[in-house]
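For reference, the structure discussed in these notes is given below.
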Amino acid sequence: MDLNWIEKLLARMTLEEKLGQMTMSPAGAAATGPIRGEATTESVRAGKVGSLLNLWGREATDRFQKLAVEETRLGIPLFFGVDVLHGHRTVFPIPLAEASVFDPDLWERTARAAAREAAADGVDLTFAPMLDTTRDPRWGRMAEGFGEDPLVGARFAAAKVRGFQGGDLASPGALAATAKHFCCGGAALAGREYAAADMSERTLHETYLPPFRAAVEAGCAAIMSAFNSLGGVPMTAHVPLLRSYLRGKLGFDGVIMSDYAAIEELIDHGVAADRAEAAGLALKAGVDIDMVSGVYLAALPEALSRGLAELKDIDAAVRRILTLKMKLGLFDDPYRRTKGARSASRAAKKLALDVARRAITLLANDGILPLGENIRRIAVVGPLAEAREEMVGPWTLAGDPRQCATILDGLRAALPEREIHCQLGVTIAGDDESGIAAARALCQNADAAILCLGEAANMSGEAASRARPELPGRQRQLAEAVLSSGRPVVALLSSGRPLIVPFLAERARALVATWFLGAGAGEAIAEVLTGRFDPTGRLPVTWPLDVGQIPVFFAERPAARPANPTDPFTSKYIDLPNEPLFPFGHGLSYAQVKLDNLRLAHAEFRRGDRIRVAIDAQNLSDRPAFETIFLFSRDCVATAAPPVLELKNWAKVKLAARQKRTVRFALAAEDLSCLDADLRPMLEPGDFDIFVGLNADRRFLLSAPLRCLD
Ligand code: BGC
């Protein structure tokens, strides 16, 4: 089966059959948007559907596949797409939590494990990875991605594509990956879901496109255009970015699909007067598949007759769709993925626990953690303590919450000899405060309180923007009561984004970001609190002190008058510090590592050179240390104002108790390039600074000067 064969098949297809291939319809198992136009036996049999979304399970997928293969005129198989974002049957930590592990190998392994499970369930394609750069925690979809930095995003993208797709898309355990949402949804106006984005071309190319470029370079099979507009042009109809950039410049020849009903929504954007215009615009931009709106099938014939669309674009789209089906091996054997299907595996569960423990990020600790032997009576309070269903996080379609141990379960299992009592105090978002007094009383009688706070799973993810990403409901009141009990308090935050909680950072004895950790949640949290596992998570996003600082991220450009505490006429707030609560990369462990002696092999370099950087890392404690060391650069003088810090690399190092060792980094000279006036990479001669440290707080970075000679 080759491209020639596809041409022959295309030549036999009617217009309606072609439009059917370009139509993706929802089917049954889950609703990820407003339900309309569900696939039916009749529509599949009539060849009006080329792919289905939101359907999994061997029996269901095989049944639809049989209809397509045996009862349509041409017997073209369907493909099945599902949002497999953080596990399928086995639930892994949300992507933001996974990102905090800063380990591409791990990112790849979780995608691989999820792909195997989903493929066994009849899924051919995942709507993942989510590659929006996110610098605004009001936007709930921060939970689905890698955070704020484009280099992290690029490595995350490549790892996820490799993991989902494996070496061969046709292998029974492989899924086609869909890089989404192309692009800039993370820059939605004021963090409001589906809102417009607007930015300079430079920021677009520096910050938002690199993860997508990395996905394309890794061979990603599909791309989903975003709901939002960018600079006034909805991404579903964005000719310069979809056609000129993706197809033209990057040479992407896979499938582009719309987001859910987004083609029809071109009417809401105000760029199309009716469905035929909407269909014409999306097709012209290069969108091959219409997810859910049914507009291609219903209105492209009219668009053709009104001269709004061209048949050659339809043919090109169908060619790409059929090619994807061929690469997925569906023409050879449409049931290849479900044959010998296995559901959730024990290995996946083990991996989920491993990621969960590694993702937990210790934000503050005065030494109360790990919990000492002297803490015999423990009060577990707060609405997340027993919230099994919330542990699965926002994008779990097939994962059963019963696989997740709660925080309370985890603690009880890990500390069987201690006295552990629980009072939730309040619900996650309700306004009933009547349980607070009992929760406080429980704490007063305990040696320490574990305060389990945070969001419900559905408070992050899609359509979950929060103008005030704080503790919802009456949790603040509960926290205040517990903090005033006089007992030491360890606060845990379950969330899909940083929450604004400076009072906890100040008054709790320890503060821990536990994200949404999936299957391993309870066990992993207990392992970290008891010190059986040293926390290794590092923030992939800057954690704001106040909502008024948003967006706050480490790579901002210099201000005209950089902040100076003694000069009022500098770039600062008069009512808030500029500094976030916690910087990008922040995360404590129970060991303490000191960095010094930053040095460069050469203080000068030329194009094509390798830049070698070394630093000594010393474990000052009596327990092993697992540290993440970040390398940043700054271009001191450039044609376009360069960011004050740019992440260039990171290293994860293990140090035995008291061990000291040298950690080395190598950069290519070109890694220090900026974009010229035409947004092409250019290495500018002149001065740079290299910075190395444990996070992006510039006050604590070690630095060394470096000069580019030509
Ligand atoms: C979301 C996508 C998702 C799609 C299908 C949309 O509403 O924006 O991320 O892949 O639904 O479920």
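If the Cβ limit is 7 Å and pairs must be 6+ apart or interchain, which residue in region 250-279 that is more than 16 Å from Met24 (Cα to Cα) and within 16 Å of the ligand (Cβ to nearest atom) pairs with which residue that is assigned to a helix (DSSP H, G or I) and among the small types (Gly, Ala, Ser)?
Leu266/Ala237; Leu266/Ala278; Leu266/Ala282
Mind checking whether some residue in region 36-53 is touching a residue at least 40 places away in the same chain (Cβ under 8 Å), surrounded by fewer than 18 Cβ atoms within 10 Å (Cβ to Cβ) and under 27 Å from Ala188 (Cα atoms)?
yes
Are any residues in region 128-186 among the basic types (Lys, Arg), farther than 19 Å from Leu324 by Cα and within 14 Å of the ligand (Cβ to nearest atom), and if so, which ones? Step through it out loud before you land on a result.
Taking region 128-186 as the starting set, the residues that turn out to be among the basic types (Lys, Arg) are 135, 138, 141, 155, 160, 162, 180.
Checking which are farther than 19 Å from Leu324 by Cα leaves us with 135, 138, 141, 155.
Residue satisfying the conditions is Arg141 alone.
From the list Arg58, Arg155, which residue is surrounded by fewer than 24 Cβ atoms within 10 Å (Cβ to Cβ) and at pLDDT 95 or above?
Details: Arg58 fails: at pLDDT 95 or above.
Selected residue: Arg155, the only one of Arg58, Arg155 that is surrounded by fewer than 24 Cβ atoms within 10 Å (Cβ to Cβ) and at pLDDT 95 or above.
For the condition farther than 28 Å from Met199 by Cα, assigned to a helix (DSSP H, G or I), out of contact with any strand residue (DSSP E or B) (no Cβ under 8 Å at 6 or more places or on another chain) and away from the ligand (no atom under 16 Å from the Cβ), what is the one hit in Asp315, Asp332?
Of the residues listed, the single one that is farther than 28 Å from Met199 by Cα, assigned to a helix (DSSP H, G or I), out of contact with any strand residue (DSSP E or B) (no Cβ under 8 Å at 6 or more places or on another chain) and away from the ligand (no atom under 16 Å from the Cβ) is Asp315.
Could you list, in sequence order, the residues of region 224-249 that are of a type in the set (A, V, I, L, M, F, W, C), within 16 Å of the ligand (Cβ to nearest atom) and more than 22 Å from Ala177 (Cα to Cα)?
Applying the first criterion (of a type in the set (A, V, I, L, M, F, W, C)) to region 224-249 yields 224, 226-227, 230, 233, 235, 237, 239, 241-242, 246.
If we keep only those that are within 16 Å of the ligand (Cβ to nearest atom) as well, we get 224, 226-227, 230, 235.
Listed by number, the list holds a single entry, Leu230.
Among the residues of region 409-428, which ones are assigned to a helix (DSSP H, G or I) and either of a type in the set (Lys, Arg) or more than 17 Å from Gly522 (Cβ to Cβ) (or both)?
Of everything in region 409-428, just one residue is assigned to a helix (DSSP H, G or I) and either of a type in the set (Lys, Arg) or more than 17 Å from Gly522 (Cβ to Cβ) (or both), namely Arg412.
Let me confirm something: among Ala467, Ala463, Ala456, Ala439, which residue is more than 16 Å from the ligand (Cβ to nearest atom), modelled with pLDDT of 95 or more, surrounded by fewer than 22 Cβ atoms within 10 Å (Cβ to Cβ) and of a type in the set (Gly, Ala, Ser)?
Details: Ala463 fails: more than 16 Å from the ligand (Cβ to nearest atom); Ala456 fails: surrounded by fewer than 22 Cβ atoms within 10 Å (Cβ to Cβ); Ala439 fails: surrounded by fewer than 22 Cβ atoms within 10 Å (Cβ to Cβ).
The conditions single out Ala467.
Search region 399-419 for residues being aliphatic (A, V, I, L, M) and either modelled with pLDDT under 95 or surrounded by 16 or more Cβ atoms within 10 Å (Cβ to Cβ) (or both), and hand back the single one that is farthest from Asn458 (Cα to Cα).
Keep residues of region 399-419 that are aliphatic (A, V, I, L, M), which gives 405, 407-408, 411, 413-415.
Filter once more, so that each one left must be either modelled with pLDDT under 95 or surrounded by 16 or more Cβ atoms within 10 Å (Cβ to Cβ) (or both): 405, 407-408, 411, 414-415.
Numbers: Ala405: 19, Ile407: 19, Leu408: 21, Leu411: 25, Ala414: 29, Leu415: 31 Å.
Filtering first and then ranking leaves Leu415.
Inspect all residues belonging to region 332-352 and state whether any of them is touching a residue at least 60 places away in the same chain (Cβ under 8 Å), surrounded by 18 or more Cβ atoms within 10 Å (Cβ to Cβ), of a type outside the set (S, T, N, Q) and within 30 Å of Pro488 (Cβ to Cβ).
No, every residue in region 332-352 fails to be touching a residue at least 60 places away in the same chain (Cβ under 8 Å), surrounded by 18 or more Cβ atoms within 10 Å (Cβ to Cβ), of a type outside the set (S, T, N, Q) and within 30 Å of Pro488 (Cβ to Cβ).
Quickly run through region 391-409 and pick out the residues that are over 22 Å from Pro535 (Cα atoms) and either of a type in the set (A, V, I, L, M) or out of contact with any Lys or Arg (no Cβ under 9 Å at 6 or more places or on another chain) (or both). Even if it seems obvious, please write down each step before you answer.
Within region 391-409, the subset over 22 Å from Pro535 (Cα atoms) is 394-403.
The answer is Trp395, Thr396, Leu397, Ala398.
Do you know which residues across region 190-216 are in a helix (DSSP H, G or I), among the hydroxyl-bearing types (Ser, Thr, Tyr) and touching a residue at least 24 places away in the same chain (Cβ under 8 Å)? Spell out the reasoning first.
In the first step, residues of region 190-216 are kept if they are in a helix (DSSP H, G or I); the result is 190-191, 201-208, 210-216.
Among the residues that remain, those that are also among the hydroxyl-bearing types (Ser, Thr, Tyr) are: 203, 207-208.
Thr207, Tyr208 - these are the residues of region 190-216 that are in a helix (DSSP H, G or I), among the hydroxyl-bearing types (Ser, Thr, Tyr) and touching a residue at least 24 places away in the same chain (Cβ under 8 Å).
Are there any pairs with C-beta distances below 8 angstrom linking a residue in region 77-93 that is closer than 17 Å to Ala524 by Cα and within 14 Å of the ligand (Cβ to nearest atom) to a residue that is of a type in the set (Val, Ile, Thr) and modelled with pLDDT of 95 or more, with the two at least 6 apart or on different chains, and if so which?
That search, which allows pairs on different chains as well, returns His86/Ile94; His86/Thr110.
Is region 627-645 home to any residue that is surrounded by fewer than 18 Cβ atoms within 10 Å (Cβ to Cβ), touching a residue at least 12 places away in the same chain (Cβ under 8 Å), acidic (Asp, Glu) and under 28 Å from Ser100 (Cβ atoms)?
No, region 627-645 has no match at all.
State whether one or more residues within region 63-71 are touching a residue at least 24 places away in the same chain (Cβ under 8 Å) and either within 16 Å of the ligand (Cβ to nearest atom) or among the hydroxyl-bearing types (Ser, Thr, Tyr) (or both).
Within region 63-71, the first condition is being touching a residue at least 24 places away in the same chain (Cβ under 8 Å), and the residues that meet it are 64-65, 67-69, 71.
When the remaining residues are screened for being either within 16 Å of the ligand (Cβ to nearest atom) or among the hydroxyl-bearing types (Ser, Thr, Tyr) (or both), the result is none.
No, the conditions are met nowhere in region 63-71.
Are any residues in region 2-58 polar (S, T, N, Q) and away from the ligand (no atom under 13 Å from the Cβ), and if so, which ones? Write out each step before concluding.
Keep residues of region 2-58 that are polar (S, T, N, Q), which gives 4, 14, 21, 23, 25, 32, 40-41, 43, 51, 54.
Hits for region 2-58 are Asn4, Thr14, Gln21, Thr23, Thr40, Thr41, Ser43.
Under 7 Å by Cβ, and 6 or more places apart or on different chains, what pairs join a residue from region 150-173 that is farther than 15 Å from Thr126 by Cα with one that is buried (at least 24 other Cβ atoms within 10 Å of the Cβ) and aromatic (Phe, Trp, Tyr)?
That search, which allows pairs on different chains as well, returns Val152/Phe146; Gly153/Phe146; Phe156/Trp107; Phe156/Phe146.
Scan region 290-311 and give yes if some residue there is polar (S, T, N, Q) and away from the ligand (no atom under 16 Å from the Cβ), otherwise no.
Checked against the condition, which is being polar (S, T, N, Q) and away from the ligand (no atom under 16 Å from the Cβ), region 290-311 yields at least one hit.
Select from region 671-710 the residues that are among the hydrophobic types (A, V, I, L, M, F, W, C), loosely packed, with under 14 Cβ neighbours inside 10 Å and more than 21 Å from Gln592 (Cβ to Cβ) and list them in ascending order.
Narrowing region 671-710 to residues among the hydrophobic types (A, V, I, L, M, F, W, C): 672, 674-675, 677, 679, 682-683, 688, 690-692, 694, 696, 700-702, 704, 706, 708-709.
Keeping just the survivors that are loosely packed, with under 14 Cβ neighbours inside 10 Å gives 677, 700, 709.
Passing the criteria: Ala677, Leu709.
Would you confirm whether or not region 446-466 contains a residue that is assigned to a helix (DSSP H, G or I), small (Gly, Ala, Ser) and more than 18 Å from Val489 (Cβ to Cβ)? Don't jump to the end; show me each part of the working.
Quick first cut of region 446-466, residues assigned to a helix (DSSP H, G or I) only: 457-459.
Remaining after also requiring small (Gly, Ala, Ser): 457.
Then keep just the ones that are more than 18 Å from Val489 (Cβ to Cβ); that gives 457.
The answer is yes, given that some residue of region 446-466 is assigned to a helix (DSSP H, G or I), small (Gly, Ala, Ser) and more than 18 Å from Val489 (Cβ to Cβ).
Quick test for you: out of Ala222, Ala218, Ala197, pick the one residue that is touching a strand residue (DSSP E or B) at 6+ places or on another chain (Cβ under 9 Å) and buried (at least 24 other Cβ atoms within 10 Å of the Cβ).
Numbers: Ala218 fails: buried (at least 24 other Cβ atoms within 10 Å of the Cβ); Ala197 fails: buried (at least 24 other Cβ atoms within 10 Å of the Cβ).
Of Ala222, Ala218, Ala197, the one residue that is touching a strand residue (DSSP E or B) at 6+ places or on another chain (Cβ under 9 Å) and buried (at least 24 other Cβ atoms within 10 Å of the Cβ) is Ala222.
Pairs please, first residue from region 104-123 and within 19 Å of Ala215 (Cα to Cα), second anywhere and in a helix (DSSP H, G or I) and aromatic (Phe, Trp, Tyr), Cβ atoms under 8 Å, 6+ apart in sequence or on different chains.
Every condition considered, the pairs that remain are Pro104/Phe156; Trp107/Phe156; Ala111/Phe164; Arg112/Phe164; Ala114/Phe164; Ala115/Phe164.
Hey, among the residues in region 110-161 that are outside any loop (DSSP other than H, G, I, E, B) and among the acidic types (Asp, Glu), which one's nearest to the chain's Cα centre (by Cα)?
Just the residues of region 110-161 that are outside any loop (DSSP other than H, G, I, E, B), to begin with: 110-120, 125-126, 130, 140-144, 150-161.
Next cut, among the acidic types (Asp, Glu) only: 117, 144.
Working: Glu117: 20, Glu144: 4 Å.
Checked region 110-161; the qualifying residue nearest to the chain's Cα centre (by Cα) is Glu144.
The values are calculated or read from the model by the stated rules, or taken from the named source; none is laboratory data. The model shown is predicted, which means the values in this text are computed figures rather than measured ones. Ideal geometry is used to build each Cβ from the backbone, glycine not excepted, and the neighbour counts take in all protein chains shown.
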